[in-house]
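Below: the structure, in structure tokens.
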Amino acid sequence: MRRPVVKAVEADGPYCSAVRMARACLLSLIGLLVFGQILAGKVLAANGLVPGPFVSAATGERLLLVDKSRHTLYVFDDSFNPVRSFRVTTGKRAGDKLERGDLKTPEGVYFFTGVIDGRDLPPKYGVMALVTDYPNPFDRLAGKTGSGIWLHATDDPSRIQRPRDTRGCVVATDEDVLEIAGYVDLGRTPLVVVKELDYHSMEDAEALKKAVVGFMERAGLLGDRKGGGGVTVLRHKDAFVVSTAGRITYLLRDADGFRVAGKRRYEPVDDLKGMIERLAERLTKGPRW
């Protein structure tokens, strides 16, 4: 049985007015900071600098990136311009996830494989959860353990203001998770998680794309996508993830060149768009449970 939603009743008076004013000022400040981060990202892109994990993006692709140091999830377009940002909270312990129960958020390139309606979860997961594919092939090769790393909402919005407040998941408010989900194509949209965002030049990105796509073509791994058209290439340290319409290839790179570390193919069956519409309507009407 779902718990009932209790609506708080605000009393009138000078104290409550001051609280409401302080809350409005805080929200305005957060909005300005978010806008400043997006503007800074666009200036960097205009000057030929792109986020370090990005090498190339298929036309129309959306890329999600979590900067753990800034407690922020960014949405980038296929030209690596930031178009939205959202405040998030991550694992209670700093660093890359290594084992089950270490309370850390994994760092790397992941994909969403499914979605769960919040009514099928404990209330703490909020309105919905997007399931990621942690551990990916790189994680397994490194001997990392654990599972159940999601991007999900929360029934306690105050958690989002606490920098590290999860058991390893990425958590945002109900409204923000619904908006983020609108950018997601299950099995195709990447979620890149980094300790701290750095940048490299567009020239470096083009050189990496040429090397990766050239290997993929020689290995017969691109099918009819010659020249890298419609290919998204992402990197984490010296490893690369290549996405072509739901076909994911994991590449390691060493002194001898590239080698395939794993392959995956996703054919999601969940109706994400339909669920977003239903859940958004439920939120506007009031009680969720």
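Each reported figure results from applying straightforward, stated rules to the coordinates on display, with no laboratory input. Owing to the predicted nature of the structure, the values given are computational and were not obtained by experimental measurement. Quick reminder, even Gly has a Cβ in these numbers, built from the backbone with ideal geometry, and neighbours come from all protein chains shown.
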**Prompt:** Among rounded, prolate and oblate, which fits the range 200-265 when a ≥ b ≥ c are the square roots of the eigenvalues of its C-alpha gyration tensor, a/c under 1.5 means rounded, and a/b larger than b/c means prolate?
**Reply:** rounded
**Derived scalar couplings ³J(HN,Hα) [the range 118-130; Karplus, 6.51 cos²θ - 1.76 cosθ + 1.60; whole Hz; x for Gly, Pro]** = x, 5, 9, 10, x, x, 4, 8, x, 6, 6, 9, 9
**Item:** Descending principal axes extents, the range 167-289, alpha-carbon based, whole Å
**Value:** 58, 33, 27
**Asked** Between Leu103 and Asp204, what FRET efficiency comes out of the Förster formula 1/(1 + (r/R0)^6) with R0 = 41 Å and r the beta carbon distance, rounded to 0.05?
**Response** 0.75
**Fill in**
Computed about the Cα centre, the charge dipole of the range 158-289 from +1 Lys/Arg and -1 Asp/Glu charges at the Cβ has a magnitude in debye, to the nearest 20, of 420 debye
**Message:** Explain nothing, just the number: dipole magnitude of the range 200-265 about its Cα centre with +1 on each Lys and Arg Cβ and -1 on each Asp and Glu Cβ, in debye rounded to the nearest 20.
**Reply:** 380 debye
**Fill in**
Low-density loop GluC sites (Glu not before Pro), the range 172-218, at most 13 other Cβ within 10 Å, DSSP non-H/G/I/E/B, are Glu196
**Prompt:** Hey, fewest Cβ within 10 Å first, where do Met128, Met275 land in order?
**Reply:** Met275, Met128
**Request:** Using amide H atoms built 1.01 Å from N in the peptide plane, name the residues 5+ places from Gly91, or on other chains, whose amide H lies under 5 Å from its own.
**Result:** Thr105, Thr166, Gly168
**Request:** Determine, for Thr154, Thr145, the number of other Cβ atoms within 10 Å of each Cβ, and report the residues in order from fewest to most.
**Result:** Thr145, Thr154
